[in-house]
Amino acid sequence: MNTKKLIYIIGLLFVNAFVLQANTIPFDFDKGLIIIEVSVDGKEMEFVFDTGSSDIILHQKNIDASMEFASLDGSMKAGEKTIENLNVGNIDKNNIDITTMDLSEVRSYLNRDIQGMLGSHIFSPSVIYINYITKELKLDSPEVYVDSYQHKVSYHTEYGTPICNIQVNGTSYAVLLDTGASTHFFDPSLGIEDDTRDGVSVTTVAGEQTSEAINVKVSALGSKENIEFQAYSKSFDAMNELLDEEMIMGILSISQISANSEVVFDTTHGIMYFN
């Protein structure tokens, strides 16, 4: 069996597209997740826009598993498929290989006919503006200036997903920057249990689990200092055992970081801007 590494989280849990002009994609914001319209082989479908996904994923039951993916809950089985055409906004790609996976848990959580997940790499290189107020994704060229944002954090890309470093108690930890997470998750070793909030049921593609409320004091997230995140605990041991690179210790929900306003990913220079 081929092994393919995919960092894939739903937090309730290279196909390059050169964008030469502004491209606006409306979205629906549902339970902390971004839902966009994608056309696959001429059929309109709803996809979750997920920077925490390193691939294009199409929902399919009873898959002929040929790959193994790394997720929060360990390895997961998935299949492969070639589609003739994928269209989103003014991005149009032909004859591309995608991944197939059973997304029943996500569909049930959202109570929607979700047919796939779309990672941000398909929009690279570009600047991706995510406006949670107007509910729009805007793609523009990397030369667009973003001086109006108060804070920025540098990130690098592993397996097609953006990863940045945070400082907790003087130590640096790697975390995912994830539009596919509706709340923050951290390894329990980084936080203090919060007795004022109840635990929650967390849904991933693997099913539901209980997660305890914790508070994590971050001394620095890029240029923003002294942040206390209300988050939920989740062990990353199973995922890290499958990864060859750095240890992941948390997931930062982009919608929570931006306070439901606007956040910008400069995929060319590896910088996220936010207020």
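Every read-out reported here was derived from the displayed coordinates using simple, explicitly stated rules and does not represent laboratory data. All figures in this text were calculated on a predicted structure; none of them were measured in a lab.
Considering all C-alpha pairs of segment 24-66, those separated by over 14 Å amount to 58%.
Close amide H contacts of Thr268 (hydrogens built in the peptide plane, cut-off under 5 Å, sequence separation of 5 or more or a different chain): Ser126.
A straight Cα-to-Cα reach below 13 Å connects Lys234 with the aspartates and glutamates Asp73, Asp187, Glu193, Glu208, Glu212, residues fewer than 8 places away in its own chain not being considered. Database remark: amide H of Glu80 closer than 5 angstrom to the amide H of Ser66, Thr100 (H placed geometrically; neighbours at sequence offset of 5 or more, or on other chains; Pro and chain starts carry no H).
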